[in-house]
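To start, the structure under review is shown below, and the notes come after it.
The values are calculated or read from the model by the stated rules, or taken from the named source; none is laboratory data. Fair warning: this is a prediction, and the values are worked out from it, not measured in the lab. Cβ: placed from backbone, ideal geometry, glycine included. Neighbour counts: every protein chain shown. Remember, those area values only see protein heavy atoms, side chains included, never the ligands or the DNA or RNA. Shrake-Rupley method; radii C 1.70, N 1.55, O 1.52, S 1.80 Å.
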Amino acid sequence: MTTSKTVKEVAFVYWLVIVGCSSALDLTVGVITEAGSVNSSLIDVAFARRVNYNWRVLQGHTLSYVHVNVSSCSSHQAVRTVCSESGLSGLIGVGSCSLLDEVSSLSKSLQLPLIALPTGLCDSARLSKDMTIVGSHSSENIVAAAASIVTSDSIISSVAVFYDGLQSTTVLQNLQSSLSSAGVSSLTFRVDDTVNASVTPDLVHHLKRLVKKKVFKLLLLASPRNALSARQEAAVMQQNYFWLVLDTGLSKADVLSVTPANANVALLRSSVFTECTAAVMDVFPQCQTDWLRTLDARFVDAVEAMAKALNDSLLDPGFSPGNASCAPLRHWTSGSTVLNRLMSISDYDTQRGLISFNSSTRHFSSQRV
């Protein structure tokens, strides 16, 4: 596990707005990521260019971050490391459902607002509560869209669903229920390296069996590593199937890199930038949209949304910088103020797109499925 803290940067501010305090503040956000989920250079750029060099977002103040980067099996260690930090004014978490569950519990105890960005399809009802807002697409919307696509073909009676252990079993069950209600049965296979996995390394053997059963539509819900591995193994059989890959942090180019020509593959994901505007190139200078992941786009949105909520909270009487601690346990008295500001964001224009809080799902609707 690695931990790093940004060097405080002097913001280029066109004018200084001092609200309820005698000097500019340097606020700090904790960024918790699982290894490989978000590139550290993107984190640097998001905070520097979209906040500290952007007078529209955090007027007259600066935003630093503490980065806690952990392996997929170190959720408890991530919480302990965040607990060792002081003066935090919010959290942004990027990782598996299990990691975000742990961080969400910590955010509730410390009353620190958390924007969660799952790298899997998590149970929204379990995650999006208390001090937690989900900054990416709703799993329920993804599942509904997937079921709609699969069941649109009236002659399809069965589909195969490939998944790994990083996906919520509740989401998987909801998908099966949606398919079943449309008269489509589903066969499930696990594609990660576990002792109890239903799929052996010989994935092609299982796919041949499915062909004999006339099951030609396949849904893939897995982490990028497992999803790409499954697609690569199955490449020899690609002509016989229609693969629908659900977004768990994949780019279009990721999928194409293991897809032979004329393959029947679709990637179901939320929208990303379609134009290389100045605001897009500010954080994605190459603007290679084929390689752009929705996870990266939503992370930048989360940083900017958190900065806006903090900036707006400075207007509230009694606002105080982060003072939460784990030992002794002390919650942040202004945490609920920032959470309310996050939940009041509506059609906020980042110049890359609009961000709005959806009160019915507790997700940011900064994209469409």
Looking only at residues that are assigned to a helix (DSSP H, G or I) and not hydrophobic (A, V, I, L, M, F, W, C) in the stretch 160-178, which one is surrounded by the fewest Cβ atoms within 10 Å (Cβ to Cβ)? 169
When you go through (1) exposed (fewer than 12 other Cβ atoms within 10 Å of the Cβ); (2) at pLDDT below 80; (3) closer than 13 Å to residue 150 by Cα one by one for residue 181, which number turns out not to apply? (2)
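So, in the stretch 319-343, how many residues would count as being part of a loop (DSSP other than H, G, I, E, B) and touching a Phe, Trp or Tyr at 6+ places or on another chain (Cβ under 7 Å)? It would help to see each step written out before you state the result.
Within the stretch 319-343, the first condition is being part of a loop (DSSP other than H, G, I, E, B), and the residues that meet it are 319-324, 327-328, 331-334.
Remaining after also requiring touching a Phe, Trp or Tyr at 6+ places or on another chain (Cβ under 7 Å): 322-324, 334.
Counting residues in the stretch 319-343 that are part of a loop (DSSP other than H, G, I, E, B) and touching a Phe, Trp or Tyr at 6+ places or on another chain (Cβ under 7 Å) gives 4.
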Applying the selection to the stretch 136-159, what residues are farther than 14 Å from residue 123 by Cα and part of a loop (DSSP other than H, G, I, E, B)? 152, 153, 154, 155, 156, 157
Exactly one of these conditions fails for residue 311: (1) open to solvent by less than 10 Å² (accessible area, probe 1.4 Å); (2) outside any loop (DSSP other than H, G, I, E, B); (3) of a type outside the set (Asp, Glu). Give me its number. (1)
Can you name every residue in the stretch 260-284 that is closer than 23 Å to residue 53 by Cα and open to solvent by 80 Å² or more (accessible area, probe 1.4 Å)? 275, 278, 281
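Residues checked against (1) touching a helix residue (DSSP H, G or I) at 6+ places or on another chain (Cβ under 8 Å); (2) more than 30 Å from residue 219 (Cα to Cα):
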| residue | (1), (2) |
| --- | --- |
| 269 | yes, no |
| 304 | yes, yes |
| 311 | no, yes |
| 350 | yes, yes |
